[in-house]
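Here is the structure we will look at.
The values are calculated or read from the model by the stated rules, or taken from the named source; none is laboratory data. Because the structure is a prediction, the values reported are computed rather than measured. Ideal geometry is used to build each Cβ from the backbone, glycine not excepted, and the neighbour counts take in all protein chains shown. Heavy atoms of the whole protein, side chains included, go into the accessibility calculation; ligands, DNA and RNA do not. Shrake-Rupley method; radii C 1.70, N 1.55, O 1.52, S 1.80 Å.
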Amino acid sequence: MRVVDLIRQKRERGEITPEQINFLIEGYTRGEIPDYQISALLMAILWRGMTHSEIGALTDAMLRSGRTLDLSDLAGKKVDKHSTGGVGDKTSLVIAPIAAAAGLVVPMISGRGLGHTGGTLDKLESIPGFNVNLSLPDFRRVLGKCGCALIGATDEIAPADKKIYALRDVTATVESPALICASIMSKKLAEGIDALVLDVKTGSGAFLKAEKEAVGLAELMVETGRRMGKRVVALITDMDQPLGRAAGNAMEVAESIEILGGGGPADLRELCLELSAWMFYLGERAASIDEGKRLASDQIISGRAKEKFREIIRLQGGDAQVVDHPDRLPKAQHTVDVTSPSDGYVQVTDCEKLGLACVALGAGRNIKEDAIDPAVGLIFPRKRGDAVRQGDTLCTIHYNSPARLDDARRLIAAGFQITRQAPAPQPLVRRVIGA
């Protein structure tokens, strides 16, 4: 087989067989197929799509590119959660300790930032010393001690996804439903989980902006997981504005700690409780979603979730004192406000631009070798629907490089619209798929 022929085959709307997909994934994982050919294939997939059979074969090939975990020796149901990505989406940092504190085992294999969205691993690495690159023995050791560990795809677990994930970020191929499904499900199915809760974003800050597309992806992932014998549910959630009030790695860690301490923004708290409740329901720790929400809330009120986060950080080599002293997290040297040009009501019209502003500041990557600046980001003192007067602060930019500031300010200004009438409210959770 020649790689160029398979690229052409997909470009011309042909279906790639499981044998051909295995050839591509095995060759790329071993380093025998170069980045530029896989980049071309990814673009062809983005444009031409994949059949359900192709997606299943791709997921299976990426899953089998490394080892799969057997966690049957650990007591408790193994349940994970994954988000398709958004601006200010730091729910994993809250949900994982909540679930583990209440007795679930949470083997969370996460990703880095993609395109305009932040990544769980980049957020965790803003905690001084936190190691997301645990070996499998260390991953199991941390899971056994505290019921939760958060790492990235490794050379042992889903190594094909680790390589392809980095390429998608810098080749404008993130939005493909087929690639999103294969990436998420290959990592998650390698974890040895019993159940999975998916948070599929829709709106201007999501990869799949139309709700119909988000529902299609959710149905595809639920079907893929169930074919593999897992309990899976997907929530379609709003990403027409940033989640919470912070976007940027260290600032999102600080906001997560606020939630674990019983404070923080209402929308972030609401979504964390909802997702945790579904984890408890699928993991048979709660008989209903309402009971699951009460159980999740109890972990926060009692302080058990915050203590669990402290334990996770310590066991993964990080500075656990940040839980009580968030000022130990990296801080940007400078701040500047972007203000409202008129009186009216806030309507965030392009949340993606706000995410791209974070990337422009250094919170994300333009090429896969880019280093992340953990300190930079944005704070949103006002949310969609809030009344503002001319000159009121819409967003505070936290930055280190003055040379990066102008692009960020331009994107932020374009991301907001002030209207005379308040926008209609939108539900945070729009639909549930697979319940």
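Brief remarks on what is shown
- Residue 198 long-range amide H proximity, modeled H, under 5 Å: 82, 233, 234, 235
- Extension gain from residue 410 to residue 339, taking 0.36 nm per residue of separation minus the Cα-Cα distance: 24.3 nm
- Global geometry of region 86-213, whether rounded, prolate or oblate, following the gyration tensor of its Cα atoms and the 1.5 cut on a/c: prolate
- The 3J(HN,Hα) values that the Karplus relation (6.51, -1.76, 1.60; θ = phi - 60°) gives for region 374-386 are, in residue order, x, 8, 7, x, 10, 10, 10, x, 10, 10, 4, x, 6 Hz. Gly and Pro appear as x.
- Legend: residue pairs 163/212; 77/163; 188/331; 163/308; 78/331; 162/230, Cα-Cα distance threshold 25 Å; pairs beyond threshold, 163/212; 77/163; 188/331; 163/308; 78/331.
- Computed lengthening from residue 136 to residue 26, 0.36 nm per intervening residue step minus Cα-Cα distance: 37.5 nm
- Exposure of residue 77 as accessible area (Å², to 10), given a probe of 1.4 Å and all protein chains: 80 Å²
- Value at 222 nm in deg cm²/dmol, rounded to 500, when DSSP H runs of n ≥ 4 in the chain each add -39,500 (n - 2.57): -13500 deg cm²/dmol
- Between residue 366 and residue 331, the modelled labels are 2.9 nm apart [label points 7 Å from Cα along Cα→Cβ].
- Sequence-distant residues sharing a close amide H with residue 77 (under 5 Å, placed H): 105
- Structure-derived Rg and Dmax of the Cα atoms in Å: which label, when the choices are (1) 20.9, 64; (2) 22.4, 68; (3) 30.2, 125: (1)
- Distance (nanometres) between label positions extended 7 Å along Cα→Cβ at residue 349 and residue 4: 4.7 nm
- Per residue value of the accessible surface for region 1-48 (all protein chains in place, 1.4 Å probe), Å²: 59 Å²
- Cα gyration tensor shape of region 15-71, rounded if a/c is under 1.5, else prolate or oblate by comparing a/b with b/c: oblate
- Accessible surface of region 327-435, 1.4 Å probe, proportion on carbon and sulfur as whole %: 45 percent
- Sequence ranges 169-175, 324-330, ranked by mean other-Cβ count within 10 angstrom, highest first: 169-175, 324-330
- Each peptide in 154-162, 66-74 receives the mean, over its residues, of other Cβ atoms within 10 Å, and ordering these scores from highest gives 154-162, 66-74.
- Kirkwood estimate for region 331-425, i.e. one over the average of 1/r between Cα atoms, Å: 13.7 Å
- Were the residues from residue 48 through residue 289 laid out at 0.36 nm apart, the gain over their Cα-Cα distance would be 82.9 nm.
- Rounded, prolate or oblate (a/c below 1.5 giving rounded, otherwise prolate when a/b exceeds b/c) for region 184-268 by Cα gyration tensor: oblate
- Modelled FRET efficiency - R0 51 Å, residue 70 with residue 393, Cβ distances, 0.05 increments: 0.50
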